[in-house]
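What follows is a short report on a single structure.
Since every read-out is calculated from the coordinates, none of them should be taken as a lab result. As the structure is a computational prediction, the values presented were derived from the model and not from experiment.
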Amino acid sequence: MPKVNEEVEVEIELYEPEMYRVILHNDDYTSMDFVVEILMKIFKKNLQESETIMINIHEKGSAVCGIYTFEIAQTKAEQVKQLAKQNEFPLLATIERDE
């Protein structure tokens, strides 16, 4: 049986992944200091950015903490939930598609 070398041209389409916003929501129990700590620890914000976002959460009811791919956004929201639970705070983090 003869060897056949064949060249095949394949087109690959690459798509940008969908991005998701991680949103922290205000509540009457979670301390402002804890929210700042979460923003610095999980979202890698500096102190000034963290305080600004925390004030927005407090005044507006919620604020976007970062925009990530789905898996990363989901992981960060889960990390918030776990740390809040460990510290007995009801802090809520949700994700929504960035449009």
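Taking only C-alpha pairs under 8 Å that are 6+ residues apart, what is the relative contact order of the chain in percent?
Relative CO of the chain lands at 42 percent.
Report the Stokes-Einstein translational diffusion coefficient (µm² s⁻¹, integer) for the chain, Rh taken as the Kirkwood radius over Cα pairs, at 25 °C with viscosity 0.890 mPa s.
161 µm²/s
What are the ³J(HN,Hα) values, in whole Hz, obtained from phi via the Karplus relation 6.51 cos²θ - 1.76 cosθ + 1.60 with θ = phi - 60°, for each residue of region 79-92 in sequence order, with x given for Gly and Pro?
Going residue by residue, I get 4, 4, 4, 5, 5, 4, 5, 4, 9, 6, 10, x, 3, 10 Hz, with x marking Gly and Pro.
As a check on your grasp of the helix formula, calculate [θ] at 222 nm for the chain: sum -39500 (n - 2.57) over DSSP H runs of n ≥ 4, divide by the residue count, round to the nearest 500.
Values: 3 runs with 41 residues, N = 99.
Rounded to the nearest 500, the figure is -13500 deg cm²/dmol.
Spelling out what I want: for every residue of region 29-44, take phi, set θ = phi - 60°, compute 6.51 cos²θ - 1.76 cosθ + 1.60 (Karplus), and round to whole Hz; glycine and proline get x.
10, 5, 6, 5, 4, 5, 4, 4, 4, 4, 5, 6, 6, 8, 9, 6
Distance between the C-alpha centers of region 68-99 and region 1-47? Whole Å please.
13 Å
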